[in-house]
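This report concerns only the one structure given below.
The values are calculated or read from the model by the stated rules, or taken from the named source; none is laboratory data. Note that the structure is predicted; figures quoted are calculated from it, not measured. Note that each Cβ is placed from the backbone with ideal geometry, even for glycine, and that neighbours are counted across all protein chains shown.
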Amino acid sequence: MKNILMVILLITTYCSTRAQEKKPVSYITNNALIGVWQKGSKIVGSGIDQHFVFSKDGRFILNLYSEGDDARSLIRLKGKYRLVKDELYLTILSKVFVEGELEIGSEAITSSLLQFGTNSKIREVKVPNPKEISDPCYITVISRTNIKLNNQVYYKIK
């Protein structure tokens, strides 16, 4: 009887240890990443806030701000991405920015103090000799439609 209890104890300990070792790892897949991911909210109001668009072909667009909405000139980054487990590597291929004169923002149009004027132009500049950014963004899966990129929360809206 003593030997049977010892064997049962050993088997139970072994199974418990193995179960702890084989916890499923929760990484986002390439297919699950494809789509539009908005920062901070899953609600789309009069426009989409800062968001990533990930495509099947390994390309991305990061829309930072609305064109001419305020004084921030960099509005979009375009590039390639590579996903390795919970690490997202980015290569910036081009930058889109606004050039023009600033004016006092209209309360009816923007909540910003300054905005680009009506004669502003949007330019896209290709990055010469693009290189992958050596530090990845770390992805934490919260749910099927909610992730963290580093510490920023994003919601899948499409």
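All but one of (1) under 18 Å from the mean Cα position of the chain (by Cα); (2) among the basic types (Lys, Arg); (3) at pLDDT below 95 hold for LYS56; state the number of the condition that does not hold.
Checking LYS56 against (1) under 18 Å from the mean Cα position of the chain (by Cα); (2) among the basic types (Lys, Arg); (3) at pLDDT below 95, the one that fails is (3).
In this structure, does THR91 turn out to be loosely packed, with under 15 Cβ neighbours inside 10 Å, modelled with pLDDT of 90 or more and in contact with a Phe, Trp or Tyr (Cβ under 8 Å, 6 or more places away or on another chain)?
Numbers: loosely packed, with under 15 Cβ neighbours inside 10 Å: no; modelled with pLDDT of 90 or more: yes; in contact with a Phe, Trp or Tyr (Cβ under 8 Å, 6 or more places away or on another chain): yes.
Considered against the rule, which asks whether it is loosely packed, with under 15 Cβ neighbours inside 10 Å, modelled with pLDDT of 90 or more and in contact with a Phe, Trp or Tyr (Cβ under 8 Å, 6 or more places away or on another chain), THR91 comes out as no.
Does LYS80 count as surrounded by 15 or more Cβ atoms within 10 Å (Cβ to Cβ), touching a Phe, Trp or Tyr at 6+ places or on another chain (Cβ under 8 Å) and either modelled with pLDDT of 85 or more or over 16 Å from LYS126 (Cβ atoms) (or both)? First the steps, then the outcome.
Numbers: surrounded by 15 or more Cβ atoms within 10 Å (Cβ to Cβ): yes; touching a Phe, Trp or Tyr at 6+ places or on another chain (Cβ under 8 Å): yes; either modelled with pLDDT of 85 or more or over 16 Å from LYS126 (Cβ atoms) (or both): yes.
Yes: the conditions hold for LYS80.
Hey, among the residues in region 18-38 that are in contact with a strand residue (DSSP E or B) (Cβ under 8 Å, 6 or more places away or on another chain) and at pLDDT below 90, which one's surrounded by the fewest Cβ atoms within 10 Å (Cβ to Cβ)?
Across region 18-38, the extreme among qualifying residues is SER26.
Kindly establish whether ILE104 is under 24 Å from the mean Cα position of the chain (by Cα) and either buried (at least 16 other Cβ atoms within 10 Å of the Cβ) or at pLDDT below 95 (or both). Quick ask: steps written out before the conclusion?
Values: under 24 Å from the mean Cα position of the chain (by Cα): no; either buried (at least 16 other Cβ atoms within 10 Å of the Cβ) or at pLDDT below 95 (or both): yes.
Taking the combined requirement at face value, the residue does not satisfy it.
In region 130-158, which residues are aliphatic (A, V, I, L, M), farther than 15 Å from LYS42 by Cβ and not in a strand (DSSP E or B)?
ILE133 - this is the single residue of region 130-158 that is aliphatic (A, V, I, L, M), farther than 15 Å from LYS42 by Cβ and not in a strand (DSSP E or B).
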